[in-house]
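Following: one structure in structure tokens, then a few remarks.
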Amino acid sequence: MFIQTEATPNPATLKFIPGKTVLQDGTADFTDKHDAMASPLATRLFDITGVRGVFLGSDFISVTKGDVEWQHLKPMVLGAIMEHYVSGAPIVAEDSANDTDGVSFDPKDQAVVDTIKELLETRVRPAVAQDGGDITFSGFREGIVYLHMRGACSGCPSSTATLRHGIENLLRHFCPEVQEVQAV
């Protein structure tokens, strides 16, 4: 098994591409070992000292580190991923994707929310997945779109620029009702 790695805009996060499906549907974001109990793979990764976050996408695994250098951590992460795939254990327990947060908006804004969700799904999420992260819709109130940043996007130094200059401009172009975008 050959696992590729890619840097992400977040220096604390590396993207691991196993060349096999990771999750069939949705995404899963784990910030500690307790959260990761639904995923044998994430649990195995959290057993490695220095791992602070695991994000599972359709065909990649993003791992966020603490104070350990990648040169020391990367071989252990690669080994854990390889061991997991060889073991035949599931990536996550059934229906364990956690990419849906509580969503809030006024029902009268349903058409705007549908447009926002469509833009996020077709234009934003695929681009952000290339960088090892994900952005999910969390709410829309009084012209403000609330988004949840996950994986490599969470804590990324360039995430504010991505929100302000990329996503906000895109949404404002197609939805004049959108005045601002904020991370939750």
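The values are calculated or read from the model by the stated rules, or taken from the named source; none is laboratory data. From a predicted model like this one, the values you see are computed outputs, not experimental measurements. All Cβ positions, even for glycine, are placed from backbone atoms using ideal geometry, and neighbour counts span all protein chains on display.
I need every pair where a residue in segment 31-58 that is in contact (Cβ under 8 Å) with a residue 60 or more places away in the chain has its Cβ under 7 Å from the Cβ of a residue that is in a helix (DSSP H, G or I) and of a type in the set (A, V, I, L, M), sequence separation at least 6 or different chains.
Between residues of segment 31-58 that are in contact (Cβ under 8 Å) with a residue 60 or more places away in the chain and residues that are in a helix (DSSP H, G or I) and of a type in the set (A, V, I, L, M), the close pairs are GLY57/ALA129.
Sort through THR122, THR115 and tell me the only one that's among the β-branched types (Val, Ile, Thr) and exposed (fewer than 14 other Cβ atoms within 10 Å of the Cβ).
On the way: THR115 fails: exposed (fewer than 14 other Cβ atoms within 10 Å of the Cβ).
Going through THR122, THR115 in turn, the sole match is THR122.
Within segment 123-139, work out how many residues are out of contact with any Phe, Trp or Tyr (no Cβ under 6 Å at 6 or more places or on another chain), of a type in the set (Gly, Ala, Ser) and in a strand (DSSP E or B).
To start, the set of residues in segment 123-139 that are out of contact with any Phe, Trp or Tyr (no Cβ under 6 Å at 6 or more places or on another chain) comprises 123-137.
Now drop any that are not of a type in the set (Gly, Ala, Ser), which leaves 127, 129, 132-133.
Checking which are in a strand (DSSP E or B) leaves us with 133.
Residues that pass the stated criteria total 1.
Being more than 16 Å from the chain's Cα centre (by Cα) and under 18 Å from ALA129 (Cα atoms) is the filter here, so list the residues in segment 6-53 that pass it.
Listed by number, the residues that qualify are PRO18, GLY19, LYS20.
Restricting attention to segment 60-74, which residues are of a type in the set (Lys, Arg) and surrounded by fewer than 18 Cβ atoms within 10 Å (Cβ to Cβ)?
LYS74
Are any residues in segment 11-65 among the charged types (D, E, K, R) and either in contact with a strand residue (DSSP E or B) (Cβ under 7 Å, 6 or more places away or on another chain) or assigned by TED's automatic domain parsing to the domain that holds MET149 (or both), and if so, which ones?
Taking segment 11-65 first, the residues among the charged types (D, E, K, R) are 15, 20, 25, 29, 32-33, 35, 44, 47, 52, 59, 65.
If the condition is that a residue be among the charged types (D, E, K, R) and either in contact with a strand residue (DSSP E or B) (Cβ under 7 Å, 6 or more places away or on another chain) or assigned by TED's automatic domain parsing to the domain that holds MET149 (or both), then LYS15, ASP29, ARG52, ASP59, LYS65 are the ones that fit.
With respect to VAL92, determine if the residue is buried (at least 18 other Cβ atoms within 10 Å of the Cβ), closer than 25 Å to ALA127 by Cα and touching a Phe, Trp or Tyr at 6+ places or on another chain (Cβ under 9 Å).
On the way: buried (at least 18 other Cβ atoms within 10 Å of the Cβ): yes; closer than 25 Å to ALA127 by Cα: yes; touching a Phe, Trp or Tyr at 6+ places or on another chain (Cβ under 9 Å): no.
Considered against the rule, which asks whether it is buried (at least 18 other Cβ atoms within 10 Å of the Cβ), closer than 25 Å to ALA127 by Cα and touching a Phe, Trp or Tyr at 6+ places or on another chain (Cβ under 9 Å), VAL92 comes out as no.
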